[in-house]
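Just below is one structure, and these are the notes that go with it.
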Amino acid sequence: DAMVIQNPRYQVTQFGKPVTLSCSQTLNHNVMYWYQQKSSQAPKLLFHYYDKDFNNEADTPDNFQSRRPNTSFCFLDIRSPGLGDAAMYLCATSRVGDRGYQETQYFGPGTRLLVL
Amino acid sequence: RKEVEQDPGPFNVPEGATVAFNCTYSNSASQSFFWYRQDCRKEPKLLMSVYSSGNEDGRFTAQLNRASQYISLLIRDSKLSDSATYLCVVRYGGATNKLIFGTGTLLAVQP
């Protein structure tokens, strides 16, 4: 059974048209991450939520925003997609224990975004 | 300098061959180390964690040398199904607890 679910799997949008990608999890993990992966490159962390606390990476463009309305769901909003934002967007989850120990990150299947 | 560096390959090997991948990391404060496998157009999946004492899982052996900041993965008796990109991954400790990925090494096992 899928534990980290991403929808849609493929998304086509127009240059400048806002788009939202969604991620849900059945693991009850307290941390959710969004990564961007371009062709032949490493996954790059955009931001993560530790419970309700949002943690943005220093080099993540303002064009990228995120929402986590509850434990199970997390959204990635791209306010004005550019051609350079075409990539695979990966959601991951993990549990961080009381002493800060982080367990394995589980990845969703990704959403492949195409910007026309 | 990249935080995690890998030879991108491709490594083209025949079935049954033994192949080794190497990885170096720049941050000496790194606390945990992993190898992930990523198939074409799929998500990364954890292959194995890497410990200083070395660890083995079937045909796969991982080694960590903290002094040299070097990680390796050895695959014995390669199968066609081992063809994938192998990502070297480092986790920092402290408040960030985030993963840093290498760009991956592409392995193509040929019949």
Do we find a residue being within 14 Å of chain A (Cβ to nearest Cβ) and among the acidic types (Asp, Glu) anywhere in segment B:34-41?
yes
Taking segment A:67-113, which residues are more than 27 Å from residue B:32 (Cα to Cα) and among the polar types (S, T, N, Q)?
A:70, A:80, A:111
Unique match (being under 26 Å from residue B:103 (Cα atoms), modelled with pLDDT under 95 and under 10 Å from the mean Cα position of the chain (by Cα)) among A:104, A:93, A:111
A:93
Within segment A:84-116, work out how many residues are under 18 Å from residue A:11 (Cα atoms), more than 9 Å from every other protein chain (Cβ to nearest Cβ) and in contact with a Lys or Arg (Cβ under 7 Å, 6 or more places away or on another chain).
2
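The values are calculated or read from the model by the stated rules, or taken from the named source; none is laboratory data. Because the structure is a prediction, the values reported are computed rather than measured. Methodologically, a virtual Cβ is constructed for each residue, glycine included, from the backbone with ideal geometry; neighbour enumeration extends over all protein chains shown.
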